[in-house]
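Participant: For reference, the structure I am asking about is given below.
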Amino acid sequence: MNTQKVIAELDAKHGIVIDGQARGAANTFEVHDPATGRTVAEVADGTAAAARSAVDAAHRAFPGWAKTSPRQRSDILRRVFDLMIADTERLTALICAENGKSQADARAEVGYAAEFFRWFSEEAVRTDGAYGVSPAGGTRTVVTHKPVGVAALVTPWNFPAAMATRKIAPALAAGCTVVLKPAAETPLTALAIAGILSAAGVPDGVVNLVPTTDAAGVVENWLSDDRVRKMSFTGSTGVGRVLLKQAAERIVNASMELGGNAPFIVTADADVDAAIAGAMVAKFRGGGQACTAANRFYVHASVVDEFVAGFGAEVSALRVGPASDSASQIGPLVSERAAQRVAAAIDAAVADGAVVAAQAQAPTAGWFVAPTLLTGVAPDAAILADEIFGPVAPVVVWNDEDELLRWANDTEYGLAAYVYAGRLQDAVRLAEALDAGMVGINRGVVSDPSTPFGGMKQSGLGREGARIGMHEFQETQYFSVAFD
Ligand code: NAD
């Protein structure tokens with residue numbers, strides 16, 4: 001796949017898509033390849049005026065789209081799935097070019113991202129409701145669901161395809177129209193997906209795209225527009241807080257997929273080899289830049305030496321390099337700032353008493369950070385408090401289950417957690433005690449379009465995927481019917 005050609009064909013200088021029309025802007029912004037820092041594309045920089053036009057289009061398209069039959073919407077979404085799968089190599093090239101993740105990770109993301117269209121093509125025809133008899137008997141109640149209206153979608157850079165499709169698919173299945181703002185680091189994949197949606201038969205105006213460097217201006221414009229009835233955001237907890245405050249002004253229905261700080265627990269009788277294999281996936285997918293990434297490893301004292309030896313050998317053997325090399329397993333971080341932040345976190349942890357137990361080799365040019373295993377980490381170490389969002393695995397030793405659970409839950413986050421245990425009863429007991437929306441039990445992956453993805457505490461509000469993912473884009477309405 002010739003990535004430069006693929007990017008050129010996107011015509012990103014006209015990368016604002018409103019009412020099915022590609023539009024340019026007075027200014028453009030640059031997208032960089034994180035492996036080299038080189039500019040790979042110039043993209044139209046959407047303004048508040050473009051944001052407003054996008055809502056105009058979505059608002060105009062809404063009544064028609066909401067009225068299509070569920071079967072029509074289902075058939076279109078299914079076509080999107082088929083087209084995305086057929087286009088896997090092009091989408092993989094775009095994700096690699098702008099996000100930097102390895103080809104294997106990017107290809108897996110395309111499959112995962114496409115699955116949301118297949119799943120919601122199947123859910124689109126299952127708008128359920130209820131029929132009830134009032135307690136006094138004089139009325140019948142009918143509960144139904146209808147699309148909430150124009151939805152504003154805001155997505156991060158770490159999964160340029162999947163974070164967009166996880167929102168677009170349920171919104172369209174429910175009958176909503178959308179305005180989407182991708183992250184400025186990764187607008188190209190979203191632009192390609194907009195083209196696929198159109199090719200699959202999504203009518204003009206149903207999906208509108210506004211790439212921009214003025215995230216605050218564009219999103220504030222949407223949140224203050226009476227025609228926007230829904231906000232679905234994926235990103236950091238800090239920005240989520242800001243947007244929730246803005247949404248409060250007009251009581252906009254808000255779904256928030258925010259940051260995480262996942263504990264990864266290994267018990268005394270766990271299958272240590274399986275735990276190491278799970279740890280590699282849970283920690284290093286996308287170079288650790290996942291909201292579900294294992295952030296803190298709590299390993300029982302009786303198996304910690306075996307775990308660290310095996311995990312360390314795997315970490316040291318990781319091939320770190322640009323996505324252009326198909327043998328690379330770990331790419332660079334998304335930006336120079338991110339690379340500096342993660343490198344500084346390693347240095348601070350070491351200054352705090354941690355030991356580098358294993359480290360891979362990494363290129364010195366580009367925004368790379370060497371995958372690193374840290375041991376001797378104290379339970380209250382600073383590196384455990386925040387999302388690392390990079391390829392660093394700190395290991396803490398535990399002995400007492402009550403203390404372990406206190407440590408694991410001692411965070412404002414509550415997105416994902418992982419438990420490896422020999423006895424399923426122990427794993428479930430631990431999982432039930434964890435304040436996490438998703439728990440991988442003897443598995444290092446929790447993402448699955450058929451399941452309710454989301455977090456507790458300050459990791460978010462609402463869920464994506466599963467049946468509930470479509471409900472997030474619906475209003476519940478009931479009719480009270482006189483029966484006497
Ligand atoms: P971010 O919060 O900086 O940005 C997310 C999106 O919000 C981007 O599109 C960005 O342009 C936009 N944005 C930034 N400031 C804004 C503002 N003031 N007003 C309106 N929009 C604004 O997050 P990021 O660095 O792109 O992504 C990493 C974060 O996302 C991590 O915290 C990660 O855990 C989280 N994340 C969560 C999930 C989940 O499902 N819970 C999934 C992926 C990533």
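Each value in this text was obtained by applying a stated rule to the coordinates, not by laboratory testing. Worth saying up front: this structure is predicted, and the values here are computed from it rather than measured. All Cβ positions, glycine included, derive from the backbone under ideal geometry; neighbour counts span all protein chains shown.
Participant: Order of Val342, Val239, Val133 from fewest to most other C-beta atoms within 10 Å?
Facilitator: Details: Val342 23, Val239 19, Val133 11.
Going from sparsest to densest Cβ surroundings: Val133, Val239, Val342.
Participant: Now a separate question. Report, in degrees rounded to the nearest 10, the 0 to 90 angle that the Cα long axis of helix 424-433 makes with the longest principal axis of the chain.
Facilitator: With rounding to tens, the tilt is 70 degrees.
Participant: By DSSP, what percent of the beta bridges with both residues in the chain are antiparallel, rounded to the nearest 5?
Facilitator: 45
Participant: Oh, and also: Could you compute the net charge surrounding Val218? Neighbours are other residues with a C-beta less than 13 Å from the C-beta of Val218; K and R count +1, D and E count -1.
Facilitator: Combined, the nearby Lys, Arg, Asp and Glu give -2.
Participant: Among DSSP bridges having both ends in segment 339-462, what percentage is antiparallel? Round to the nearest 5. Display every interim value, and only then the final one.
Facilitator: Numbers: 4 of 11 bridges.
Bridges in segment 339-462 that DSSP calls antiparallel: roughly 35 percent.
Participant: Provide the per-residue ³J(HN,Hα) series for segment 158-163, in order, calculated from phi with Karplus coefficients 6.51, -1.76, 1.60 and θ = phi - 60°, each as a whole number of Hz, with x at glycine and proline positions.
Facilitator: Each residue of segment 158-163 in turn: 6, 10, x, 8, 5, 5 Hz.
Participant: Work out from phi, with θ = phi - 60° and the Karplus expression 6.51 cos²θ - 1.76 cosθ + 1.60, the ³J(HN,Hα) of each residue of segment 283-289, listed in order in whole Hz, and give x for Gly and Pro.
Facilitator: 8, 9, 4, x, x, x, 8
Participant: For segment 310-446, list log₁₀ I(q)/I(0) at each q in 0.12, 0.16, 0.19, 0.22 Å⁻¹, using the Debye formula over Cα point scatterers of equal strength and ignoring solvent, two decimals each.
Facilitator: Each listed q maps to, in turn, -0.56, -0.96, -1.23, -1.39.
Participant: What is the dipole size for segment 335-433, taken about its Cα centre, with +1 at each Lys and Arg Cβ and -1 at each Asp and Glu Cβ, in debye to the nearest 20?
Facilitator: Taking the Cα centre of segment 335-433 as origin, the dipole is about 420 debye.
Participant: If the only charges are +1 at each Lys and Arg Cβ and -1 at each Asp and Glu Cβ, what is the size of the charge dipole of the chain around the Cα centre, to the nearest 20 debye?
Facilitator: 1560
Participant: Let a ≥ b ≥ c be the square roots of the eigenvalues of the Cα gyration tensor of the chain; is it rounded (a/c under 1.5), or, if not, prolate (a/b larger than b/c) or oblate?
Facilitator: oblate
Participant: All other residues with a Cβ under 13 Å from the Cβ of Pro147 taken together, and with Lys, Arg as +1 and Asp, Glu as -1, what is their net charge?
Facilitator: Residues close to Pro147 contribute a combined charge of +3.
Participant: Counting Lys +1, Arg +1, Asp -1, Glu -1, what net charge surrounds His14 among other residues with beta carbon under 11 Å of its beta carbon?
Facilitator: Its environment carries a net charge of 0.
Participant: Tell me, what ³J(HN,Hα) does each residue in segment 90-104 have, in order and in whole Hz, if you take phi through Karplus 6.51 cos²θ - 1.76 cosθ + 1.60 with θ = phi - 60° and put x for Gly and Pro?
Facilitator: Listing the rounded values in order: 5, 5, 4, 4, 5, 4, 4, 5, 9, 9, x, 5, 5, 4, 5 Hz.
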